[in-house]
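Okay, so here's the structure we're looking at.
The values are calculated or read from the model by the stated rules, or taken from the named source; none is laboratory data. Source: prediction; values computed, not measured. For neighbour counting, all protein chains shown are included, and Cβ atoms are generated from backbone atoms with ideal geometry for every residue, glycine included. These accessible areas exclude ligands, DNA and RNA; they are computed on the full protein's heavy atoms, side chains included. Shrake-Rupley method; radii C 1.70, N 1.55, O 1.52, S 1.80 Å.
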Amino acid sequence: MPKKVDHHQRREVLAHAVRRVVADHGLGAVSLRSVAAEAGVTGGMVQHYFPTKEAMLDFAMRSASAQYGERMQKALSTLGEAPEPTAALEAVLTALLPRSEQERADGRVALAFMSHASLDSSAAEYLREGNDGMRMLLADWIRSARDASGPAATAESESDAPSAAAALLALTDGLAIQVLSSGLDVDDAESILRLHIAAVLA
């Protein structure tokens, strides 16, 4: 009886190879040959699953995004079933700052795909949708944290939550880039982030 092939698993193996190539050599180094060599497979197999470079990059970007989602979910899971909103904000955002070597590699991949999205409308739309969802979640936590910390929130502070969420997400992205590109200490980055979270909730 022929062995059943898990096609999604094979695509994930190739996506991981793409990400390793990007992390080590940049997006420009991605090719059928480089990915096949990194994955230890034939070029024919890569082409079977990804007939174009664009298809390969698209799947790898989605796979990388899913990994960030798993990292954030893991950070949330340490807080229990019903995390306090301020703790949830801090856990999710600080999880996006690169600490380990693997997280730094993931950060280089994320930065490369952000740059790619600035020139590719399909990639930009995918990242926009993900960021919209993230900002909505952060805004909900901001409202809940403000309500829990004192008197009922004013209409102005309620309407301000989406802007505050966008600012915190942009700050987190910027701090992560500084850690990766200019030697900002990740502990200092985390302290800056926590300071701004406190200011948003004050």
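Extension gain, Ala166-Asp187: 0.36 nm per intervening residue step, less the Cα-Cα distance, totals 5.3 nm. Taking only Cα atoms, what is the 0 to 90° angle, nearest 10, from helix 186-201's long axis to the longest principal axis of the chain? Taking Cα atoms only, the helix is inclined about 50 degrees.
Take the chain with all the other protein chains still there, run a 1.4 Å probe, and you get 55 Å² of accessible area per residue.
Compared with the dominant Cα axis of the chain, that is its longest principal axis, helix 121-149 is turned about 30°.
The distance linking region 78-103 with region 14-55 is 31 Å (Cα centroid to Cα centroid, whole angstrom). Using 0.36 nm per residue and subtracting the Cα-Cα separation, the extra length available between Glu125 and Ser65 on full extension is 20.3 nm. Taking the accessible area of the chain, probe 1.4 Å, and keeping the other protein chains in place, the carbon and sulfur fraction comes to 56%. Taking K and R as +1 and D and E as -1, what net charge do the other residues with C-beta under 12 Å from the C-beta of Leu195 add up to? Cβ neighbours under 12 Å give a net charge of -2. Note on region 1-51: semi-axes of the ellipsoid equivalent to its C-alpha gyration tensor, largest first and rounded to whole Å, are 22, 11, 8. Ranking Asn131, His196, Val46 by how far each Cα lies toward the positive end of the dipole of the chain (charges on Cβ) leaves Val46 at the top. Towards the positive end of the charge dipole of region 46-96, with charges on Cβ (+1 Lys, Arg; -1 Asp, Glu), say which of Gly69, Met56, Ala95 has the farthest Cα. The residue sitting most towards the positive pole is Met56. For the chain, averaging the sequence separation of C-alpha pairs within contact (under 8 Å, six or more residues apart) and dividing by the residue count gives a relative contact order of 20 percent.
Nearest 500 deg cm²/dmol is fine: what mean residue ellipticity at 222 nm does the chain get from its DSSP H runs of n ≥ 4 alone, each adding -39,500 (n - 2.57), divided by its residue count? All intermediate terms of the calculation are to be shown ahead of the outcome.
Values: 9 runs with 159 residues, N = 202.
When only DSSP H runs of four or more count, the value is -26500 deg cm²/dmol.
A straight chain from Asp6 to Glu54 at 0.36 nm per residue would run longer than the Cα-Cα distance by 15.1 nm. For the chain, the longest principal axis of the alpha carbon atoms and the long axis of helix 155-182 meet at an angle near 50°.
Roughly what percent of Cα-Cα pairs across the chain reach past 31 Å?
28 percent
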